[in-house]
Amino acid sequence: MGTKGLVLYLLTGFSAAILSLLFINKTTMDHNSTLFNTPHLTTVEVWPELEFNWRLVLATVIGFVGSACGTVGGVGGGGIFVPMLTLIVGFDTKSAAAISKCMIMGASAASVWYNVRVQHPTKEVPIIDYELAFLFQPMLMLGITVGVALSVVFPYWLITVLIIILFIGTSSRSFYKGIEMWKEETILKKELTRKQGTVNSRGELLIDAEYEPLVPREEKSTLEILCLNLRWKRLLVLTTVWFLFTLIQVIKNDLVPCTTLYWVLFCLQFPIAVLVFGYEAMKLWKENRKRMMTGNTECICEASIQWSTLNITFCALCGVLGGTVGGLLGSGGGFILGPLLLEIGVIPQVASATATFVMMFSSSLSVVEFYLLKRFPIPYGVIGIETTIGMINNHEFMGFLDFCSSQ
């Protein structure tokens with residue numbers, strides 16, 4: 001199942017779940033039942049005491065492994081964080097989604113800092129494809145705002161159902177993709193062995209062929225690589241888009257919900273995202289058309305696909321869907337973006353670096369939104385600082401205690 005199959009599966013599954021909710025609500029209203037309108041069924045918030053125990057140790061280990069695997073693959077790690085936070089630590093699904101976004105933001109920021117100090121494996125270009133980042137970032141952030149808004153409306157049990165649907169789809173795709181790659185590699189290995197080589201006792205393929213020595217690449221310092229990977233003008237534009245989205249959330253938080261100004265600010269996000277996406281999409285479409293007319297087969301960016309209207313529209317759909325599911329269920333959006341970049345011809349190193357770069361913006365936006373919604377508990381360090389400030393304001397005693405009298 002490729003990215004198109006996953007998108008179709010998610011759209012079908014989520015639509016069926018939401019339609020089921022509407023049918024259930026209609027049925028309960030017809031029978032004058034308040035089952036699904038009862039506060040303890042729809043607004044349960046579970047924040048367990050974070051004390052040192054086996055659950056916290058196990059969650060830390062799983063979080064470490066999930067972050068490592070997620071950042072390497074460019075998928076974020078939300079598929080591991082959310083179940084870990086709900087099943088092991090004991091958070092409710094909405095709080096788990098919010099905390100998962102915090103974890104993804106930290107992991108993606110660390111991954112970006114590492115990637116900007118790494119050379120492109122084959123070219124003298126940045127390892128982050130800024131063309132693709134421009135294309136996906138605005139739609140992913142637009143989807144994030146929609147997903148966070150839906151997380152306020154949807155009941156806990158529906159979010160749990162959607163998480164199950166998401167994880168069944170992503171795990172099934174990964175499983176079948178692994179089997180498919182194993183079969184292809186096995187066939188290729190046998191074919192190469194039959195034609196021109198043998199396999200030794202350790203299973204290594206010995207090919208009887210002569211190769212010309214590779215031309216060594218010029219060694220660059222870390223500072224030179226950093227300057228090559230950073231494109232300040234594009235970073236400024238992407239940061240400006242992120243700032244506009246964040247500013248809208250902050251202003252909107254101080255307004256009365258569902259007022260005219262509230263909806264004006266909410267709808268203002270759509271033209272901002274469409275404008276940035278449309279500019280980059282038109283640029284890719286024109287350049288692709290120009291190269292096709294001149295017979296130039298060189299790729300415009302890292303992706304090797306033809307930038308037709310259909311492909312650009314599908315990329316927009318994937319961006320919005322990935323952001324919406326990420327904001328609603330706590331995943332990073334990379335479960336769609338990472339595999340999609342690979343399918344359109346981006347090499348794995350660039351796909352991972354670009355996906356984590358885009359997720360750094362989208363996850364930080366969702367963290368701001370979840371914080372404004374008071375969706376996750378503040379870490380103990382911040383609580384300690386808040387307590388200390390309160391003691392200072394109340395002129396409480398903060399000096400040393402007497403050793404003998406304090407026993």
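The values are calculated or read from the model by the stated rules, or taken from the named source; none is laboratory data. Source: prediction; values computed, not measured. So basically every Cβ, Gly included, is an ideal-geometry build from the backbone, and we count neighbours across all protein chains shown. With ligands, DNA and RNA removed, areas are computed over all heavy atoms of the protein, side chains included. Shrake-Rupley method; radii C 1.70, N 1.55, O 1.52, S 1.80 Å.
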Log entry, pairs with first residue in region 325-350 being without any contact (Cβ under 8 Å) to a residue 40 or more places away in the chain, second being among the hydrophobic types (A, V, I, L, M, F, W, C), beta carbons closer than 7 Å, six or more apart or on different chains, reads Leu342/Ala351; Pro348/Leu342
When region 353-393 is checked residue by residue, the ones that are modelled with pLDDT of 80 or more and open to solvent by 60 Å² or more (accessible area, probe 1.4 Å) are Tyr371, Leu373, Lys374
Query raised in the report: Somewhere in region 202-220, is a residue of a type in the set (Gly, Ala, Ser), out of contact with any strand residue (DSSP E or B) (no Cβ under 8 Å at 6 or more places or on another chain) and modelled with pLDDT of 90 or more?
Result: no
Taking region 110-150 and the residues there that are of a type in the set (Val, Ile, Thr) and within 13 Å of Cys301 (Cα to Cα), the one that is surrounded by the most Cβ atoms within 10 Å (Cβ to Cβ) would be Ile128
Within region 80-106, the residues that are out of contact with any Asp or Glu (no Cβ under 7 Å at 6 or more places or on another chain) and outside any helix (DSSP H, G or I) are Gly90, Phe91
Over region 221-258, the set of residues farther than 16 Å from Val116 by Cα, at pLDDT below 90 and polar (S, T, N, Q) is Asn253
Picking from Val65, Val46, Val7, the residue that is at pLDDT below 80, among the aliphatic types (A, V, I, L, M) and under 30 Å from Asn115 (Cα atoms) would be Val7
Of the residues in region 116-142 that are among the acidic types (Asp, Glu) and part of a loop (DSSP other than H, G, I, E, B), the one that is nearest to Val358 (Cα to Cα) is Asp129
Do we have any residue at all in region 107-115 that's more than 19 Å from Val65 (Cβ to Cβ) and assigned to a loop (DSSP other than H, G, I, E, B)?
-> no
Of the candidates Val237, Val274, the one satisfying the condition of being assigned to a helix (DSSP H, G or I) and either closer than 19 Å to Cys318 by Cα or open to solvent by 80 Å² or more (accessible area, probe 1.4 Å) (or both) is Val274
